[in-house]
Amino acid sequence: MAFGDYPAEYNPKVHGPYDPARYYGRPDTPFGQLKLNEIGAWLGRRNKNPRAVMGAVSRAWWRWQHKYVQPKRAGIAPVFQIITGSMLFFYIINYGKIKHHRNYKYHW
């Protein structure tokens, strides 16, 4: 599969129009339906190469786009989600500098 090609599992005669938010591989048990003793085997069946990880990130991005950004009457939720995400990201990357400015009750 080259950049910009459809996934190998996609068949237009079976699946219809291409949806970038859908996984066209063999379906597996959803994570929410697993029992605790099945989690190890479920994780072992995951494809962990970089291409599969980027495909999962891309599908998550398109699902978010379809749900919050691209509807006909999109609200202000995606703006607040981006603001909250960026605030959390910058807090995490600056935590090392911020933790030195704590106010302690007792100073030694």
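The values are calculated or read from the model by the stated rules, or taken from the named source; none is laboratory data. Predicted model, so just to flag it, every value in this text is computed and none were measured. Ideal geometry is used to build each Cβ from the backbone, glycine not excepted, and the neighbour counts take in all protein chains shown. In case anyone asks, the SASA skips ligands and DNA or RNA and just uses the protein heavy atoms, side chains included. Shrake-Rupley method; radii C 1.70, N 1.55, O 1.52, S 1.80 Å.
Relative contact order of the chain: 21 percent, from C-alpha pairs under 8 Å at least 6 residues apart in sequence.
With every protein chain present, what is the per residue accessible area of the chain (1.4 Å probe, Å²)?
Values: 9880 Å² over 108 residues.
Roughly 92 Å² per residue, with all protein chains present.
In the complete set of protein chains, residue-level accessible area for Leu36 is approximately 150 Å², probe 1.4 angstrom. The HN-Hα couplings worked out from phi for region 87-102 by the Karplus form 6.51 cos²θ - 1.76 cosθ + 1.60 (θ = phi - 60°) are 4, 5, 4, 6, 5, 5, 6, 9, 4, x, 7, 6, 5, 7, 9, 5 Hz, whole numbers, x standing for Gly and Pro.
Here the accessible area is traced with a 1.4 Å probe on the protein chains. For the chain, carbon and sulfur cover 62 percent of it. Dividing the helix sum by the residues of the chain, where each DSSP H run of 4 or more adds -39500 (n - 2.57), gives a mean residue ellipticity at 222 nm of -12000 deg cm²/dmol. Taking 7 Å steps out from each Cα toward its Cβ at Leu36 and Tyr23 produces label points 2.4 nm apart.
Listed by chain and number, the lysines whose C-alpha is less than 30 Å from the C-alpha of Lys97, apart from same-chain residues fewer than 8 away, are Lys105.
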